[in-house]
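First up is the structure itself, then whatever we jot down about it.
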Amino acid sequence: MFGFFRRKKQKQAQPVICARADHCISRKNIDPDALKVLYRLSSLGYVAYLVGGGVRDLLLGRQPKDFDVGTSAKPNEVKRAFRNCFLIGRRFRLAHVRFGEKVIETATFRQNSQTVGEIIEHAAEGPHEDNTFGTPETDAYRRDFTVNGLFYNIKDFSVIDYVGGLEDLKKRLIRSIGDPMIRFREDPVRMMRAIKFSARLDFAIERKTEKAIRALHSCILTASMPRLCEELFRLFTYGASEKAFRMLWEFGLMGDLLPDLAKFIDSDGGGRSATWKYLAVLDRYERAMHERNLEVSNGLRAAVLYAAMAKSRPGRSREVMGTMLASLKVPKATYFLSTLLLDSVKRLSQPPQRGRRRFVHNRDFADALDFNRIVARAEGRSEETLDAWDALSRKTFNEQGDKNDRDRKQRT
């Protein structure tokens, strides 16, 4: 008699299928080990798709950093298919198929406790929810943003889209899957991820998604501190930190995560703060290092982020960086390196005279030299003195190498 109160069974959404002739993804651009995983699972009768950011980046003509696989095979079935497979995770088991140091993360399609229709409406994937195995469709709806919900089918080389990701790629939009007010309450870190993708891809954030970030930014402090710290440093990658941190400040998230820095930026001209100049130079440095397959230390990144604030408080580097340590509990190694770099500005602003030359033997001298070049370029200053320090460092390194060669010959 109460049947009219029951939720009507939702019809399953029909995906948009983009045939091989209609997209730019080529197997030549897919990691060969990821292809091995896809082909092996497919040959055993399982559904196997390339999923997530890898598909997004390939469609944008970018080279993905990671290639993840989604499959209908259960974790133990993936393990039986690959001798080089290891299962990890407690709440939800993931298969890591290892090829040397490389890992192809292979996850069974998941779903939430709701029906597909409810997933479309609520898209609930909180950090404490009870995930179960599902289908490609349910797996797509539990992802964060539409551009990350695309699948590449190894059987016919098509792209499968349940969530409108292809259209948003064309529009260059970051859009939440499901109601962003619900999605961001479930996992507030998604707000930082929206900013990261917007800055990295140079996409706009869709209006409703942006409105939700502005309304819920204070919820970010309910997330775990290690996740927040990790996601904050990811904003530096791909040479887009100026835009990312500017958005973090504009949307109110910086005031929650780094309140002292946000107050300084407000007092330093807001959108015209010197902080943005330092980050713009850091972005060029990050891109140059990335082209050489070199990593940038988080200590250097943090020092550049706080460089303008530290300059306004001379001699108080420990106090300045201590605000970041207190707010985000950054690793002590990052804190001490960033403090050393900020303190190095005074030392490296003078020519390398006798009493100061020992600094070139410091293990962090290379970071200090790079940091000071970033500061000099942001401030429009000459790098002549830094060139002298660089020349001394190279000379010392060569002399030390010659000495080691002589010592080795004497021992033999």
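Evaluated on region 225-396, the Kirkwood hydrodynamic radius is 16.4 Å, with distances taken between all distinct Cα atoms. Sorted ascending by nearby beta carbons within 10 Å, beginning with the fewest, T209, T135 become T135, T209.
Using the Cβ-Cβ distance between D156 and T135 with R0 set to 22 Å, the FRET efficiency from 1/(1 + (r/R0)^6) comes to roughly 0.75.
Here the Gaussian network model covers the chain, with springs between Cα atoms less than 10 Å apart; of N148, N398, N298, N398 fluctuates the most.
For region 157-234, the set of trypsin sites (Lys or Arg not before Pro) satisfying both a DSSP loop assignment and a count of at most 15 other C-beta atoms within 10 Å is given as R172. Amide H contacts of F151 (H built 1.01 Å from N, in plane; Pro and chain starts excluded): I160 sit under 5 Å, all sequence-distant by 5 or more or on other chains. What spacing in nm lies between the two simple spin-label points modelled at R394 and R83, each 7 Å away from Cα in the Cβ direction? Those two pseudo-labels are separated by 5.0 nm.
Checking the Cα-Cα distances for K79/K155; K170/K211; K28/K74; K171/K263; K79/K196; K65/K171 against a 26 Å cut-off, the pairs over it are K28/K74; K171/K263; K79/K196. Label separation (L294 vs A215): 4.7 nm, computed from points 7 Å beyond Cα along the C-beta direction. Where q = 0.10, 0.12 Å⁻¹, what log10 of I(q)/I(0) comes from the Debye formula for region 11-172, counting one point per Cα? The calculated log intensity ratios at q = 0.10, 0.12 Å⁻¹ are -0.34, -0.50.
Which one, Q63, L337, F359, is farthest towards the positive end of the dipole of the chain when Lys and Arg carry +1 and Asp and Glu -1 on their Cβ? Comparing the listed Cα positions along the dipole, F359 ranks first. Between E319 and R93, the FRET efficiency estimated from the beta carbon spacing at R0 = 56 angstrom works out to 0.75.
Taken one residue at a time, the phi angles of region 327-344 give Karplus couplings (6.51, -1.76, 1.60, θ = phi - 60°) of 6, 10, 6, 4, x, 4, 4, 5, 4, 5, 5, 5, 5, 4, 5, 5, 5, 6 Hz. Gly and Pro are set to x.
Please find, in a Gaussian network model of the chain (springs between Cα atoms separated by less than 10 Å), the residue of D256, D156, D202 whose mean-square fluctuation is greatest. Greatest mean-square fluctuation among the candidates belongs to D156. Net charge in the neighbourhood of A48 (other residues with Cβ under 9 Å of its Cβ; Lys, Arg +1, Asp, Glu -1) is +2. For the chain, the dipole from Cβ point charges (+1 on Lys and Arg, -1 on Asp and Glu) about the Cα centre works out to 680 debye, to the nearest 20.
Think of region 225-396 as a dipole: +1 on every Lys or Arg Cβ, -1 on every Asp or Glu Cβ, centred on the Cα centre; then among M324, A303, W389, W389 lies furthest on the positive end. Under the combined filter of DSSP loop state and at most 12 neighbouring Cβ atoms within 10 Å, region 249-322 retains these trypsin sites (Lys or Arg not before Pro): R292. Put simply, the amide H of I205, placed in the peptide plane, has neighbours under 5 Å in I174, leaving out anything fewer than 5 places away on its chain. For K243, go through the aspartates and glutamates and keep the ones whose alpha-carbon is under 12 Å away, minus same-chain ones fewer than eight residues off. Qualifying aspartates and glutamates at Cα under 12 Å: D202, D283. Computed over neighbours whose Cβ is under 14 Å from that of V375, the net charge equals +4, Lys and Arg +1, Asp and Glu -1.
What the phi angles of region 182-195 give under the Karplus curve with 6.51, -1.76 and 1.60, with θ = phi - 60°, is a coupling list of 7, 4, 6, 5, 5, 8, x, 4, 4, 5, 5, 5, 4, 5 Hz, glycine and proline written as x.
Listed values for region 288-293 are Karplus-derived 3J(HN,Hα) couplings in whole Hz (6.51 cos²θ - 1.76 cosθ + 1.60, θ = phi - 60°), namely 5, 5, 4, 5, 9, 6, and x replaces Gly and Pro. Put the Cα centre of region 132-158 next to the Cα centre of region 234-280 and the gap is 34 Å.
Bear in mind that the values in this text are calculations on the coordinates, not laboratory data. This one's a predicted model, so the numbers in the text were calculated from it and none came from an experiment. When we count neighbours, we look across all protein chains shown, and the Cβ atoms used for this are built from the backbone with ideal geometry, even at glycine.
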